[in-house]
1. What FRET efficiency would be calculated for the residue pair residue 83, residue 143, taking the C-beta separation as r and a Förster radius of 22 Å, to the nearest 0.05?
2. Would you kindly state how much longer the chain becomes between residue 249 and residue 100 on full extension, computed as 0.36 nm times their sequence separation minus their alpha carbon distance, in nm to one decimal?
3. Rounded to the nearest 20 Debye, what is the dipole magnitude of region 1-82 about its Cα centre when Lys and Arg each give +1 and Asp and Glu each give -1 at the C-beta?
4. Contour minus end-to-end for residue 74 and residue 180, with contour as 0.36 nm per residue of separation and end-to-end as the Cα-Cα distance?
5. Using alpha carbons only, how many angstrom separate the centre of region 43-70 from the centre of region 190-214?
6. Hey, what number do you get for the chain at 222 nm if only DSSP H runs of n ≥ 4 count, each worth -39500 (n - 2.57), divided across all residues, to the nearest 500?
7. Want the number for residue 119 to residue 65: 0.36 nm per residue separation, take away the alpha-carbon distance, what's left?
8. In Å², what does the accessible area per residue of the chain work out to with a 1.4 Å probe?
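The values are calculated or read from the model by the stated rules, or taken from the named source; none is laboratory data. The structure displayed is predicted, hence computed values, not measured ones. Neighbour counts are summed over all protein chains in view; Cβ atoms, including those assigned to glycine, are modelled from backbone coordinates with ideal geometry. SASA here: full protein model, heavy atoms, side chains in, ligands and nucleic acids out. Shrake-Rupley method; radii C 1.70, N 1.55, O 1.52, S 1.80 Å.
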Amino acid sequence: MPTLAIRDLHVSIETEQGTKSILRGVDLTIRSGETHAVMGPNGSGKSTLASTIAGHPRYNVDSGSITLDGVDVLQMSVDERARAGLFLAMQYPSEIPGVTVSSFLRTARTAIDGEAPALRQWIGTMREAMRNLQMDAAFAERNVNEGFSGGEKKRHEIMQLELLRPKFATLDETDSGLDVDALKIVSAGVNRAKDANDMGVLLITHYTRILQYIRPTHVHVFVAGKVADEGGPELADRLEQDGYDRYVTAAVSAI
């Protein structure tokens with residue numbers, strides 16, 4: 001069974017004030033078919049975890065490990081991680097002027113497979129994904145994320161997820177800025193991608209709203225760069241009622 005394992009992960013960044021420690025010993029194991037929700041207040045390290053898994057150069061891994069099926073992810077370049085089956089749906093996707101959505105997606109699929117997909121079949125597959133996400137056909141010829149609304153950017157991220165079929169997907173606040181209808185459409189796309197190839201999901205969010213549509217198998221509370229609590233879906237329900245205050249208070253007391 002494909003497994004993404006994070007062990008005693010410590011991560012820092014360099015700031016004008018010096019080195020800042022963000023992750024302080026994170027342990028997390030995600031297996032194929034599981035959905036792990038990572039929740040917590042702002043500044044708790046959730047997005048740092050997502051960026052570190054993806055290989056963002058700003059984040060320095062001071063100690064610990066990330067392995068994919070026993071292979072050291074930290075020794076892989078960003079593109080090697082993608083080809084190995086890791087995917088990040090970004091909170092703030094970048095614009096790529098001059099590159100159309102259609103060209104971008106086919107190039108990405110080619111890089112993963114080592115050969116280009118048959119054009120006619122690829123066009124049909126892409127159009128089906130767009131229909132499922134209620135995207136206009138003209139979207140395929142627009143430049144990547146250029147002039148996209150927030151909702152269009154999020155749908156495009158999930159379109160990538162469906163077409164690239166990774167082993168594990170990290171979704172960094174995919175629900176932010178979405179109205180209820182868009183949230184349902186995006187969530188349905190995540191569920192389709194998960195069901196299609198038994199994908200593992202690491203879902204980062206502040207709120208429980210998206211968990212009504214993407215049901216987690218595991219919930220982890222992040223506070224001050226650590227996993228402060230973990231459990232099943234019932235933990236998310238408690239967070240909805242009680243918030244993060246008791247975890248934040250405990251973390252401050254421990255410093």
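1. Values: r = 24 Å, r/R0 = 1.11.
It comes out at approximately 0.35.
2. Working: separation 149, 0.36 × 149 = 53.64 nm, distance 4.78 nm.
Extending this stretch completely gives an extra 48.9 nm.
3. Values: 7 positive and 10 negative charges, 49 e Å.
I would put it at about 240 debye.
4. Working: separation 106, 0.36 × 106 = 38.16 nm, distance 3.71 nm.
Separation in residues times 0.36 nm, less the Cα-Cα distance, equals 34.5 nm.
5. 20
6. Details: 8 runs with 96 residues, N = 255.
Rounded to the nearest 500, the figure is -11500 deg cm²/dmol.
7. Numbers: separation 54, 0.36 × 54 = 19.44 nm, distance 3.95 nm.
Stretched out fully, the residue 119 to residue 65 stretch lengthens by 15.5 nm.
8. 48
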